[in-house]
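Participant: Quick one: this structure, given as structure tokens, is what I'll be asking you about.
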Amino acid sequence: MGTGASRNSDGGSQGNEEREENLDQAGGQLYISLKMENFKLKGELIPHIYGSVPLVGSWDSSKALSLERESASMWELSFVVPPNHESLDFKFLLKPRYSNSPCIVEEGPNRLLSGGMLQGDTRMALFRLSTDEVLEYRVFIKADRVSPFDLAASWRAYQDNLRPSAVRGIPDVSINSVSEGPENSSSASLELDLEHYVVPAPSSNSGLVYAANLTETPRSLTGFGVQNADGSGNTSSSKESSTTGDRPTTVKDMTVIVPDPSKMYMGSGMVESKSVGTFSHLQRQDSHRGLFVDRGVGSPRLVKSASTSTFFSDLKLDTESKNSMPAAAGAVAAAAVADQMLGPKEDRHLAIVLVGLPARGKTFTAAKLTRYLRWLGHETKHFNVGKYRRLKHGANQSADFFRADNPEGMEARNEVAALAMEDMISWMQEGGQVGIFDATNSTRKRRNMLMKLAEGKCRIIFLETLCNDQRIIERNIRLKIQQSPDYAEEPDFEAGYRDFKARLDNYEKVYEPVEEGSYIKMIDMVSGHGGQIQVNNISGYLPGRIVFFLVNTHLTPRPILLTRHGESMDNVRGRIGGDTELSEAGGVYSKKLANFVEKRLKSERAASIWTSTLQRTILTASPIGGFPKIQWRALDEIYAGVCDGMTYEEIKKNMPEEYQARKKDKLRYRYPRGESYLDVIQRLEPVIIELERQRAPVVVISHQAVLRALYAYFADRPLKEIPHIEVPLHTIIEIQMGVTGVQEKRYKLMD
């Protein structure tokens, strides 16, 4: 707490003497901490202290001050000594907790504290319980010289934290029948046109993007293994390849070399992971070997000792076990560790193979699943076979190319499917965890080919999407014609429509539903109105999470509005955490937000308002009328533990090691007795699932760290970027979810 010199009971001094002198001149005061420790405590005896002015004011034992229990063996009392009483005369005593038995005063002379230093032998306090029994306590004393300004600030923070909550009587679920009058205040009024408040969004999600163009770039065709007809190799860098590969490209006269992953990717030693991996091999040290898990900056945890050679020899030669772990905490990390130790090797990598006719939402489902798994911390990539086909054979293939009785077309389509599968397996061997293989895979012969390629390398689960709603199929076909690169050069919409219908007929003639292996069938699930989901031979934590996620997803368009609470008193003071009320500006924003929600959602039949359990979000939502309000503990701000209520400057000054650890890795850094961003992501998973399940608009009023994590899910931002995402005060982020994916718009209502 102190800002000046600190003295301990041995008479040593720390700090800068010149600074201490300055504090003396500025009226600095001594902050004293007295502690007593005993590991053989007598439960009924409570340590006390009594003595001269100003500590107690008399040597009356009945007025002695009780020490507070700090731990099972430690008792503590802290107090401030005014400048005119820097010499204290006192003694310790033990008082019975429940009886009126006499107090037991410590042996020896009175203790003298002068200028923050104890005179004489200060390390032990002896209490004679009987002729033969003596109880010993270790004594610790620390003195800090503190400026009156720091004391005043600490007292204000203490009072703020003890102030009763202004929302104590509000139930967890409530609804205001009418708005509480934001229109009546001129400062809270808004322009009629909400577009007046639109500001540029930092992400690229504000426009419509064809989902297949966001999938993995075919490296077998662009980065290596590609030769032109004249024999010249493709020497473009991988960065250039990833840039050009995202655009529909026509490549003619190619010969393709399918790489052998066992020769190209297997090597000795460590393989650098592209994931934010949390596992690292431990070098031999003091004859101990094993696998350590990074559960926060500077805090490794041993998974299992290598006392049994079989366990270690398994891990020693298998660098995949390092790379196949998710960057996660809690349940995800626990499940991944269990699977690594107990599951077969091929289960460490999971391939989700899509199955279904065109225009059934396969690519959309694959994109959502990829986004969800990445957000949970699993290294996941989406491989779209159509992208491979367009790059290898061009984008202008007619419906005849997709006929089952066209041997050249069948051979070409199987070739690019094999290339995509080999790419995915090679990426898994480099450290990838979950691959999403996006194609029709409509025949048993094609699926058997994929299973043979994956045998012993990864576990395959088929994900079949079936839709019998002709209205949804028709809508998807029209979107396909408008967005797919296959029809980018077709100016006549009706001609493109007829060609795609003919392509669809070709697939329907040979389509065989999945009945083999492990599979998940989604039947009429996209509408969000019922449907069925069937599973076969599904086991394990991650496949179970995937099924749970898919049960709750649908294509119903609806907006999700994300906003921080209005400015709080702690925001004004620069303090983190806490549970203070809104500032004057925060109160104005709460009324503007109510006005905005009324205008933006006036045409919606239903909507809901979600807040955290902290009063600054509840107060921000209070003027909003007409919609139910639900409090979520999961939406509370990241818990700063012992740093709660401090400023970052105070953390830097008083806890420099914690400050530097947080600066080094904000994603994994866990506040002492608090949370990390990875912890926040784990507790937000039920919120994400419920946001996916909701079919009506939702307004989420929460906090900066929480909204960073939620926004990263919708914007598909990497985990390492989450702690740095910009989520300013008094700004609304509108996420539009629907058949075209996720789009973003931002409104800034006030500075």
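The values are calculated or read from the model by the stated rules, or taken from the named source; none is laboratory data. Every value quoted in this text rests on a predicted model; they were computed, and no experiment measured them. Cβ atoms come from the backbone with ideal geometry, glycine included; neighbour counts cover every protein chain shown. Ligands, DNA and RNA are excluded from the accessible area calculation, which covers all protein heavy atoms including side chains. Shrake-Rupley method; radii C 1.70, N 1.55, O 1.52, S 1.80 Å.
Participant: Between Met428, Met424, which is surrounded by 20 or more Cβ atoms within 10 Å (Cβ to Cβ), assigned to a helix (DSSP H, G or I) and at pLDDT below 95?
Facilitator: It is Met428.
Participant: Turning to a different aspect of this structure: On the basis of being out of contact with any strand residue (DSSP E or B) (no Cβ under 6 Å at 6 or more places or on another chain), open to solvent by 20 Å² or more (accessible area, probe 1.4 Å) and either without any contact (Cβ under 8 Å) to a residue 60 or more places away in the chain or within 19 Å of Phe462 (Cα to Cα) (or both), does Pro407 make the cut?
Facilitator: Yes; evaluated as a whole, the condition is true for this residue.
Participant: For segment 542-551, state whether one or more residues are open to solvent by 10 Å² or more (accessible area, probe 1.4 Å) and assigned to a loop (DSSP other than H, G, I, E, B).
Facilitator: Looking for residues that are open to solvent by 10 Å² or more (accessible area, probe 1.4 Å) and assigned to a loop (DSSP other than H, G, I, E, B), one finds none in segment 542-551, hence no.
Participant: Can you find even one residue in segment 512-526 that is assigned to a strand (DSSP E or B) and under 26 Å from the mean Cα position of the chain (by Cα)?
Facilitator: No, the conditions are met nowhere in segment 512-526.
Participant: Tell me, yes or no, whether segment 119-140 has at least one residue that is open to solvent by less than 10 Å² (accessible area, probe 1.4 Å), at pLDDT 80 or above and either acidic (Asp, Glu) or closer than 20 Å to Val81 by Cα (or both).
Facilitator: yes
Participant: Something else: Can you name every residue in segment 372-385 that is on the phi < 0 side of the Ramachandran plot and crowded, with 22+ Cβ neighbours inside 10 Å?
Facilitator: Tyr372, Leu373, Arg374, Trp375, Leu376, His378, Glu379, Thr380, His382, Phe383, Asn384, Val385
Participant: Please go through (1) touching a residue at least 60 places away in the same chain (Cβ under 8 Å); (2) assigned to a helix (DSSP H, G or I); (3) crowded, with 20+ Cβ neighbours inside 10 Å for Met451 and return the number of the only condition it doesn't satisfy.
Facilitator: Result: Met451 fails condition (3) only.
Participant: Now, a different point. Based on what the data block shows, is Gln682 under 25 Å from Ala607 (Cα atoms) and either surrounded by 21 or more Cβ atoms within 10 Å (Cβ to Cβ) or not β-branched (Val, Ile, Thr) (or both)?
Facilitator: Spelling it out, it is not the case that Gln682 is under 25 Å from Ala607 (Cα atoms) and either surrounded by 21 or more Cβ atoms within 10 Å (Cβ to Cβ) or not β-branched (Val, Ile, Thr) (or both).
Participant: Which one of these is part of a loop (DSSP other than H, G, I, E, B), assigned by the TED database to the domain that holds Pro513, within 19 Å of Asn476 (Cβ to Cβ) and among the hydroxyl-bearing types (Ser, Thr, Tyr): Thr363, Thr440? Full working, then the answer.
Facilitator: On the way: Thr363 fails: part of a loop (DSSP other than H, G, I, E, B).
Only one candidate passes the filter, namely Thr440.
Participant: Would you point out which residue out of Gly530, Gly435 is within 35 Å of the chain's Cα centre (by Cα), assigned by the TED database to the domain that holds Ser398, surrounded by 16 or more Cβ atoms within 10 Å (Cβ to Cβ) and not in a helix (DSSP H, G or I)?
Facilitator: Gly435
Participant: Quick test of your reading of the structure: Lys521 fulfils all but one of (1) in contact with a strand residue (DSSP E or B) (Cβ under 9 Å, 6 or more places away or on another chain); (2) surrounded by 19 or more Cβ atoms within 10 Å (Cβ to Cβ); (3) more than 24 Å from Leu450 (Cβ to Cβ). Name the failing condition by number.
Facilitator: Failing condition for Lys521: (3).
Participant: Could I ask something else about it? Considering only segment 457-498, state which residues are free of Cβ contacts under 8 Å to residues at least 24 places away in the same chain and β-branched (Val, Ile, Thr).
Facilitator: Answer for segment 457-498, where residues must be free of Cβ contacts under 8 Å to residues at least 24 places away in the same chain and β-branched (Val, Ile, Thr): just Ile481.
Participant: If you scan segment 69-83, which residues turn out to be open to solvent by 40 Å² or more (accessible area, probe 1.4 Å) and more than 25 Å from Ser147 (Cβ to Cβ)?
Facilitator: Hits for segment 69-83 are Arg69, Glu70, Ser71, Ala72.
Participant: Would a scan of segment 685-702 turn up a residue that is touching a residue at least 12 places away in the same chain (Cβ under 8 Å), touching an Asp or Glu at 6+ places or on another chain (Cβ under 6 Å) and either of a type in the set (Val, Ile, Thr) or in the same structural domain as Glu734 (by the TED database) (or both)?
Facilitator: yes
Participant: Shifting gears a bit: Restricting attention to segment 720-749, report how many residues are under 15 Å from Leu678 (Cα atoms) and open to solvent by 10 Å² or more (accessible area, probe 1.4 Å).
Facilitator: Total satisfying the criteria: 3.
Participant: Separate question: List the residue pairs whose Cβ atoms are under 8 Å apart, where the first residue sits in segment 21-42 and is buried (at least 19 other Cβ atoms within 10 Å of the Cβ), the second is hydrophobic (A, V, I, L, M, F, W, C) and modelled with pLDDT under 65, and the two are 6 or more positions apart or on different chains.
Facilitator: Short answer, once both residue conditions are applied: Leu23/Ala5; Tyr31/Met1.
Participant: Taking Arg662 as the residue in question, decide whether it is assigned by the TED database to the domain that holds Ile576 and not in a helix (DSSP H, G or I).
Facilitator: no
Participant: From the list Lys457, Lys452, which residue is basic (Lys, Arg) and closer than 19 Å to Pro326 by Cα?
Facilitator: Going through Lys457, Lys452 in turn, just one is basic (Lys, Arg) and closer than 19 Å to Pro326 by Cα: Lys457.
Participant: Count, please, the residues in segment 454-470 that happen to be over 16 Å from Tyr519 (Cβ atoms), outside any helix (DSSP H, G or I) and open to solvent by 30 Å² or more (accessible area, probe 1.4 Å).
Facilitator: Step one: list which residues in segment 454-470 are over 16 Å from Tyr519 (Cβ atoms), which gives 455-457, 467-470.
Of the ones still in play, those that are also outside any helix (DSSP H, G or I) are 455-457, 467-469.
So of that shortlist, the ones also open to solvent by 30 Å² or more (accessible area, probe 1.4 Å) come out as 455-457, 468-469.
Going through segment 454-470 one residue at a time, the tally reaches 5.
Participant: Go through segment 20-37 and count every residue that is over 19 Å from Val81 (Cα atoms) and modelled with pLDDT under 85.
Facilitator: 0
Participant: Taking the condition in contact with a helix residue (DSSP H, G or I) (Cβ under 8 Å, 6 or more places away or on another chain), open to solvent by 10 Å² or more (accessible area, probe 1.4 Å) and in the same structural domain as Leu667 (by the TED database), does Arg717 pass?
Facilitator: In short, yes.
Participant: Here's a follow-up. Tally the residues that are open to solvent by 10 Å² or more (accessible area, probe 1.4 Å) and out of contact with any Lys or Arg (no Cβ under 9 Å at 6 or more places or on another chain), restricting the search to segment 617-635.
Facilitator: 9
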